[in-house]
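The values are calculated or read from the model by the stated rules, or taken from the named source; none is laboratory data. Computed from a prediction, not measured in an experiment: that's the story for all the values here. With ideal geometry, Cβ positions are generated from the backbone for all residues, glycine too; neighbour counts draw on all protein chains shown.
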Amino acid sequence: MRARVGANEARASVERASGASRCVVIHTAQRRRHSMARAGVARAPRACATRDARRRTKRRDVLGGVAAAITATCARAERANASVASEKIKRGEREFVRGDVRGAIDAFDDAIASDERFSAYVWQRGLALYYAGAYEEAAKQFRLDVAQNPNDTEESVWCFASEAMDPAKGVAYARENMLITGRDSRPVMSSVFALFAEGSEEAATRLREAGRSNASDEFYSALYLGLFYEINGDEESARREIERANRTAYARLSGDYMTDVARVHAKTRSWS
């Protein structure tokens with residue numbers, strides 16, 4: 001359950017506090033007037049006005065303190081929720097690396113339950129859903145992610161792969177509805193995007209050539225060629241490319257989470 005109090009709730013609490021204070025002051029003033037009337041005492045208008053001003057000032061101070069306390073409580077609760085969610089995401093990543101994609105999904109879902117602000121940023125959840133065969137949910141996750149990070153080519157490609165593998169959609173649907181992203185800072189990703197957008201062997205050749213630039217590009221070229229062949233039903237070529245990705249120096253030494261994805265890919269397909 002969320003421990004967080006939203007701005008509307010804070011405003012409502014302040015308004016309730018204001019209403020309660022106002023009722024107490026009015027009721028007290030009425031009782032005092034009745035008592036003075038019964039005793040035959042005439043009120044001094046200037047003195048009453050001064051007292052009323054002091055009461056209003058005190059009431060404003062009380063309400064200001066209530067609002068400040070609520071704001072501080074909200075901030076502390078939100079920070080606590082974010083910390084808990086971050087730890088659960090790390091747990092999900094560990095489960096995924098071990099090959100327990102269902103355990104990873106549960107941890108990522110727990111993270112979102114702890115803090116819903118994370119729901120559009122947990123791209124790791126989309127990967128776990130893909131390898132669990134939950135293609136529709138995976139595509140939804142990647143579409144949410146692209147809305148927040150419109151320059152990440154990989155999010156678009158994984159959404160494409162998820163919809164292509166979905167029996168209710170397929171490759172043609174995925175290509176027609178492919179998410180267009182902005183300029184990715186990694187040059188190899190333009191070739192990756194072109195491969196899935198065009199779906200041609202010419203594009204595959206260009207991606208292989210792009211993979212010769214450096215160790216990182218070599219890995220990513222092989223990974224996405226493998227994914228491309230998988231969604232097109234060419235298991236032999238998919239296995240060859242994924243195994244090539246896992247043999248690269250980048251896969252062995254970089255610590256990049258996507259190198260774990262390549263290993264999980266091979267493991268879930270019983271290729272390793």
Give me a count of the residues in segment 135-173 that are closer than 17 Å to ALA104 by Cβ, of a type in the set (A, V, I, L, M, F, W, C) and in contact with a Ser or Thr (Cβ under 9 Å, 6 or more places away or on another chain). 2
Working only within segment 146-176, note down all residues that are at pLDDT 95 or above, touching a helix residue (DSSP H, G or I) at 6+ places or on another chain (Cβ under 7 Å) and over 17 Å from TYR224 (Cβ atoms). ASP166, LYS169, GLY170, TYR173
Which residues, taken from segment 226-245, are surrounded by 14 or more Cβ atoms within 10 Å (Cβ to Cβ), within 19 Å of VAL157 (Cβ to Cβ) and touching a helix residue (DSSP H, G or I) at 6+ places or on another chain (Cβ under 7 Å)? GLY226, LEU227, PHE228, TYR229, GLU230, ILE231, SER237, ALA238, GLU241, ILE242, ARG244, ALA245
With the condition being crowded, with 18+ Cβ neighbours inside 10 Å, I'd like the helices (runs of 4 or more DSSP H) fully within segment 124-225 carrying at least 3 qualifying residues. 135-148, 153-165, 188-198, 201-210
Report yes if ALA194 is hydrophobic (A, V, I, L, M, F, W, C) and more than 25 Å from ALA134 (Cα to Cα), otherwise no. yes
Of the numbered conditions (1) under 28 Å from SER221 (Cβ atoms); (2) outside the structural domain of VAL261 (by TED's automatic domain parsing); (3) in a helix (DSSP H, G or I); (4) not aromatic (Phe, Trp, Tyr), ASP110 satisfies every one except a single condition; which is it? (1)
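Name the residue, out of SER191, SER162, that is small (Gly, Ala, Ser), without any contact (Cβ under 8 Å) to a residue 60 or more places away in the chain and over 29 Å from GLU95 (Cα atoms).
Answer to the check: SER191.
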